[in-house]
Amino acid sequence: LGQSGFVEKLRDTLNRNRALKDRHVARCYGLFSWRKLAFASWEALDGLTLAKMFADGRAGKLNDKQKRGLITQVGKALEAHIEATGQPHATLCADLIYINRGNGVRLMGYGWRPLLDPLLEILPAPPGYRAWQSADAFHPNVLDATEDVFALGCMIYQVYSGRPAYTVEDDEASRVQRELKAPSGLTKSQWKVLQSALSPDPDERPLSPLE
């Protein structure tokens, strides 16, 4: 990785993350070097991620107001990056969504996809964002805000149904062929909107996470 220029690419990416200003964006302080080691620094976080809440069942115990708050805060964090850069987050996953006591959601991982995708073959396990990516993201396409809409739709589906729409092992075809059942807790009109967010056709999705 050192010879490939990965560290400098990471430094540049984190410097761009530093410029993001939104209360639900995890504050990034950049990449630092110490004794030939590199480490990234963020604001202090509680360590509770949405992934942990899915794993231990706490996500299923959220009341409807808490679920709506979670969805809205993640949507705002995604929207802030789109408005600032014109680019999608594109690596949204439960491991990057931190739940802080007292001040809500903190999201990190902005612009990490170009760093991580070239490393997929050497990673010990597929990264979490592969579970929430659209069919388009299986190809070297230029992704737009509808990619974040799809990922947010996957999060919403899992929050309400208690099970993931897709897993990191699922392939592109699953996005087209799988027929998802309506989660409990959603009205017919809400399920219709969620279905549009999860459409394999980006033209059928809402244009942005908060639309």
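The values are calculated or read from the model by the stated rules, or taken from the named source; none is laboratory data. What you see is a predicted model; the values in this text were computed from it and never measured. Heads up, the Cβs are rebuilt from the backbone with ideal geometry, glycines too, and the neighbour counts pull from every protein chain shown. The accessibility values were calculated without ligands, DNA or RNA, using every heavy atom of the protein model including side chains. Shrake-Rupley method; radii C 1.70, N 1.55, O 1.52, S 1.80 Å.
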Quiz prompt | Number of the exception - Asp95 against (1) at pLDDT below 95; (2) part of a helix (DSSP H, G or I) | solution = (1)
Exercise. Given the conditions (1) buried (at least 19 other Cβ atoms within 10 Å of the Cβ); (2) part of a helix (DSSP H, G or I); (3) β-branched (Val, Ile, Thr), report the number of the one that Thr72 does not fulfil.
Key: (1)
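Can we say Ile82 is farther than 29 Å from Gly57 by Cα and of a type in the set (Val, Ile, Thr)?
Numbers: farther than 29 Å from Gly57 by Cα: yes; of a type in the set (Val, Ile, Thr): yes.
Answer is yes for this residue.
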Quiz item: With respect to the numbered conditions (1) open to solvent by 20 Å² or more (accessible area, probe 1.4 Å); (2) closer than 28 Å to Val193 by Cβ; (3) in a loop (DSSP other than H, G, I, E, B), which one is the sole condition not fulfilled by Pro140?
Solution: (2)
Quiz prompt | Top-ranked residue of segment 108-132 - restricted to ones that are free of Cβ contacts under 8 Å to residues at least 40 places away in the same chain and in a loop (DSSP other than H, G, I, E, B), ranked as surrounded by the most Cβ atoms within 10 Å (Cβ to Cβ) | solution = Gly109
Quiz item: open to solvent by 20 Å² or more (accessible area, probe 1.4 Å) and closer than 27 Å to Asp56 by Cα: does that describe Ser161?
Solution: yes
Quiz item: If you scan segment 186-208, which residues turn out to be touching an Asp or Glu at 6+ places or on another chain (Cβ under 7 Å) and touching a residue at least 24 places away in the same chain (Cβ under 8 Å)?
Solution: Pro202, Ser208
Quiz item: Does segment 30-37 contain any residue that is in a strand (DSSP E or B), in contact with a strand residue (DSSP E or B) (Cβ under 7 Å, 6 or more places away or on another chain), open to solvent by less than 100 Å² (accessible area, probe 1.4 Å) and not aliphatic (A, V, I, L, M)?
Solution: yes
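Select from segment 46-57 the residues that are modelled with pLDDT under 95 and not small (Gly, Ala, Ser) and list them in ascending order.
First, pick out the residues of segment 46-57 that are modelled with pLDDT under 95: 46-47.
The one that is modelled with pLDDT under 95 and not small (Gly, Ala, Ser): Asp46.
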Quiz prompt | Matching residues, segment 28-42, being within 22 Å of Gln73 (Cβ to Cβ) and without any contact (Cβ under 8 Å) to a residue 40 or more places away in the chain | solution = Tyr29
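Select from segment 196-211 the residues that are open to solvent by 40 Å² or more (accessible area, probe 1.4 Å) and farther than 15 Å from Ala135 by Cα and write down the one among them that is modelled with the lowest pLDDT.
First, pick out the residues of segment 196-211 that are open to solvent by 40 Å² or more (accessible area, probe 1.4 Å): 200-201, 203-204, 207, 210-211.
With farther than 15 Å from Ala135 by Cα added as a condition, the list becomes 207, 210-211.
Details: Leu207: 95, Leu210: 91, Glu211: 85.
Checking each candidate, the answer is Glu211.
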Practice problem: Go through (1) out of contact with any Lys or Arg (no Cβ under 7 Å at 6 or more places or on another chain); (2) closer than 19 Å to Arg113 by Cα; (3) open to solvent by 20 Å² or more (accessible area, probe 1.4 Å) one by one and return the number of the condition Gly60 breaks. | Solution: (2)
